[in-house]
Amino acid sequence: MSRPGDPTGEYRHAQPESPLVSGPPALDRHDRVHQPGRAAPEPATAPAMATTTAPATTTVPATTTTTTTTTTTTATARARARTSGEAAWRALVAAASAPYRPSGRHAFHFARNKLGGDPVFRHVLERGLIAPRAGILDLGSGQGLLASLLRAAGRAAHEGRWPAEWGAPPVDARVTGIELMAHDVARAETALGPDATFICGDMREAEFPPADVVVIFDALHYISAAEQEHVLERVRGALGPGGVLLLRVGDTAARRRFAFGQWVDRITMAVRGGGFGRLTGRPVAGWRDSLVRLGFSVDAYPMSGRPPFANLLLVGRIAPELAR
Ligand SMILES: C[S@@+](CC[C@H](N)C(=O)[O-])C[C@H]1O[C@@H](n2cnc3c(N)ncnc32)[C@H](O)[C@@H]1O
């Protein structure tokens, strides 16, 4: 079966790890409906990428005198086949971190360590969870690491540097971030310039633009359970048919690891000047129930790095035929 963002199956990769919980079967992007007025992500294909990579096509005449054979191959496809996942990932982390240098050592090292050490970012790219040309709303966007990574990924893919075993590259992604802390917004704007939009605001009140993918990584637990529900309802309203929610949360059912994660979170936010109050978690079943009630089918994956927190990535999908 093709993967999200990979209807041709061209960017096929290894079988995904088993989800912890899962809703109805994952949707096939063949079914996605284009909505007027909203950018519909289109499938990435090697030829589309090859248009920016010259020479795209190499014709190699056969050397034999008895038969005339022509071998046609694309330079882009060969470059992709040569690009190993490890090398590609290291290059992406470097490319996505470098734009933070002008904001100082801390911003740069934070970017490099977070992107390099937190498995969720690589997972999103490897699994092709953000389709080409998607409009993305990133709630609690911090210093804009996801936007920087997606920009680096798009550039790498356009240059033919994309591992064959990864999902479809998120070329030409358009990111809008909403972030509470002004200094994070300033860093994001310095790093991304006109390539993304960042709004300094509170996700509990800010208006959400229409989106193909909504991302909330490690930000929903700062608000109360009732506020979480309200934000998720508005996220559902912002997503069109075939829309995707990528939500990383802690699982309170994993008690000690969850408590440890909360403790680290409090210290980190205090150091960064956030000082948020009570943190609100739920067991994975509670998160799933809320999303299913809103019409998402849900897959959940363990998504902790080291140290092993109780983090989960919930991938919620709206069926293509459902209206907003
Ligand atoms: C742990 S950081 C994660 C940042 C980013 N998602 C990432 O993965 O790099 C959580 C972010 O959520 C932001 N945040 C917390 N409450 C928020 C709210 N109500 N509205 C917008 N942003 C919020 C914090 O300021 C912080 O930057």
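The values are calculated or read from the model by the stated rules, or taken from the named source; none is laboratory data. The shown structure was predicted, so the numbers you read here are calculated from the model rather than taken from an experiment. Reconstructed Cβ throughout: ideal geometry from the backbone, glycine too, with neighbour counts over all protein chains shown.
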Modelled with pLDDT under 95 and either under 16 Å from the mean Cα position of the chain (by Cα) or within 11 Å of the ligand (Cβ to nearest atom) (or both): is that true of Val214 in this structure? no
Quick check on the range 114-123: of everything there that is within 11 Å of the ligand (Cβ to nearest atom) and of a type outside the set (Asp, Glu), which residue is farthest from Thr83 (Cα to Cα)? Lys114
Strands (runs of 3 or more DSSP E) within the range 150-258 that include 2 or more residues farther than 22 Å from Val124 by Cα and touching a strand residue (DSSP E or B) at 6+ places or on another chain (Cβ under 7 Å): 197-200
Scanning the range 100-127 for residues that are among the aliphatic types (A, V, I, L, M) and within 19 Å of Gly193 (Cβ to Cβ) gives Ala107, Ala111, Leu115
Within the range 190-210, does at least one residue satisfy the condition of being crowded, with 16+ Cβ neighbours inside 10 Å, within 20 Å of Arg288 (Cα to Cα), within 13 Å of the ligand (Cβ to nearest atom) and modelled with pLDDT of 95 or more? no
Within the range 93-113, is even one residue within 24 Å of Val249 (Cβ to Cβ), surrounded by fewer than 21 Cβ atoms within 10 Å (Cβ to Cβ) and within 13 Å of the ligand (Cβ to nearest atom)? yes
Take the conditions part of a helix (DSSP H, G or I) and either in contact with a Lys or Arg (Cβ under 6 Å, 6 or more places away or on another chain) or within 15 Å of the ligand (Cβ to nearest atom) (or both) and apply them to Ser141. Does it pass? no
Say whether the condition of being surrounded by fewer than 22 Cβ atoms within 10 Å (Cβ to Cβ), in contact with a helix residue (DSSP H, G or I) (Cβ under 7 Å, 6 or more places away or on another chain), over 25 Å from Phe110 (Cβ atoms) and of a type in the set (A, V, I, L, M, F, W, C) is met by at least one residue in the range 170-182. no
Is it true that some residue in the range 153-163 is more than 12 Å from the ligand (Cβ to nearest atom) and under 13 Å from the mean Cα position of the chain (by Cα)? yes
Is it the case that Pro132 is away from the ligand (no atom under 14 Å from the Cβ) and free of Cβ contacts under 8 Å to residues at least 60 places away in the same chain? no
Just checking, does the range 119-130 include any residue being over 19 Å from Ala219 (Cβ atoms), over 16 Å from the mean Cα position of the chain (by Cα) and part of a helix (DSSP H, G or I)? no
